[in-house]
Amino acid sequence: MKALLLDLDGTLVDSSDALKDAGRSGFASIGFGNFNDEEIAFEVARRLEQDLSIDDLFARYHVGREIEERFLPAYLNAYYSAVISKSKLFPNVRETLQTLWGQFSLALITLRYVVREQVIDELEHLGIKKYFHVVVTALDVKKPKPFPDALLLASKKLDVPINECAIVGDSPVDILAGKAAGAKTIAVLTGLFNRRELARQKPDLIIKKINIVPNFLQKVRI
């Protein structure tokens, strides 16, 4: 294995504060003022990542078209506005990237629908920009994760065959994309999805957090 393709949210950074902001803005847009349901804020993110409906989440609030017309735009705008300043690295991620950087080519692949420059600015803000040879967002491909396009693009830009790459991510769509592309797959448990949900996609490895990756790859061959 010569390259690692790393997810951002839930893998390298904790973006839960930005999701809470998104929830507050979304609820305000449908007339619930200062009210916030953090459980729904996180579940909306889980559903959107998997391209699943969110309509049933709002039955208790007796709202209909407001979800599509008002809640979602407000939610997404607030999230993208807050994520750069409110996302924070998980503990020891910078040190982990330093170690991996010496062993592998590294690419960042995110499902965020933002221009690449915005993500690069965030990496600079977090102090980890130098570790990534390539950055790919959902806007860089016609079909983002769970389709393989973003991984194949990163592999091409790194000049590393996809079967010599592994994707590391916290979501089922990361695993699905990796398998569709022909890459190895490593799931981490630091995001919005639990072990059972990740195990359903049969990744090559499931580990607690990205900090374990350097030691794990020294001990096993995948």
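The values are calculated or read from the model by the stated rules, or taken from the named source; none is laboratory data. Note that this is a predicted model, so its numbers are computed, not measured. Here Cβ is always computed from backbone atoms with ideal geometry, including for glycine, and neighbour counts include all displayed protein chains.
Structure summary
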item: Within the range 25-40, considering residues that are touching a residue at least 24 places away in the same chain (Cβ under 8 Å) and under 25 Å from Ala138 (Cα atoms), the one surrounded by the fewest Cβ atoms within 10 Å (Cβ to Cβ); result: Ser25
item: Criterion violated by Ala181 - all others in (1) over 14 Å from the mean Cα position of the chain (by Cα); (2) under 25 Å from Ser87 (Cβ atoms); (3) touching a residue at least 12 places away in the same chain (Cβ under 8 Å) satisfied; result: (2)
item: Of all residues in the range 49-60 being in contact (Cβ under 8 Å) with a residue 12 or more places away in the chain, part of a helix (DSSP H, G or I) and not acidic (Asp, Glu), the one that is surrounded by the most Cβ atoms within 10 Å (Cβ to Cβ); result: Phe58
item: Residue list for the range 106-121, filter: assigned to a helix (DSSP H, G or I) and surrounded by fewer than 21 Cβ atoms within 10 Å (Cβ to Cβ); result: Arg116, Glu117, Gln118, Ile120, Asp121
item: From Ala166, Ala154, residue being touching a residue at least 24 places away in the same chain (Cβ under 8 Å), part of a helix (DSSP H, G or I) and aliphatic (A, V, I, L, M); result: Ala154
item: Ala82 in contact (Cβ under 8 Å) with a residue 60 or more places away in the chain, assigned to a helix (DSSP H, G or I), in contact with a strand residue (DSSP E or B) (Cβ under 9 Å, 6 or more places away or on another chain) and not assigned by TED's automatic domain parsing to the domain that holds Ala138; result: no
item: Test: Val44 is in contact (Cβ under 8 Å) with a residue 12 or more places away in the chain, over 30 Å from Phe104 (Cβ atoms) and among the β-branched types (Val, Ile, Thr); result: yes
item: When residues of the range 82-105 are limited to those that are modelled with pLDDT of 90 or more and hydroxyl-bearing (Ser, Thr, Tyr), the one surrounded by the fewest Cβ atoms within 10 Å (Cβ to Cβ); result: Thr99
item: Yes/no for Glu39 being over 30 Å from Glu95 (Cβ atoms), part of a helix (DSSP H, G or I) and modelled with pLDDT of 90 or more; result: no
item: Qualifying residue in the range 158-166 (condition: surrounded by 22 or more Cβ atoms within 10 Å (Cβ to Cβ), closer than 20 Å to Val213 by Cα, within 17 Å of the chain's Cα centre (by Cα) and among the aliphatic types (A, V, I, L, M)); result: yes
item: Any pair with Cβ under 6 angstrom, 6 or more apart, that starts in the range 1-17 at a residue that is within 17 Å of His125 (Cα to Cα) and ends at one that is of a type in the set (Ser, Thr, Tyr); result: Leu8/Thr110; Asp9/Ser15; Val13/Ser87; Ser15/Ser87
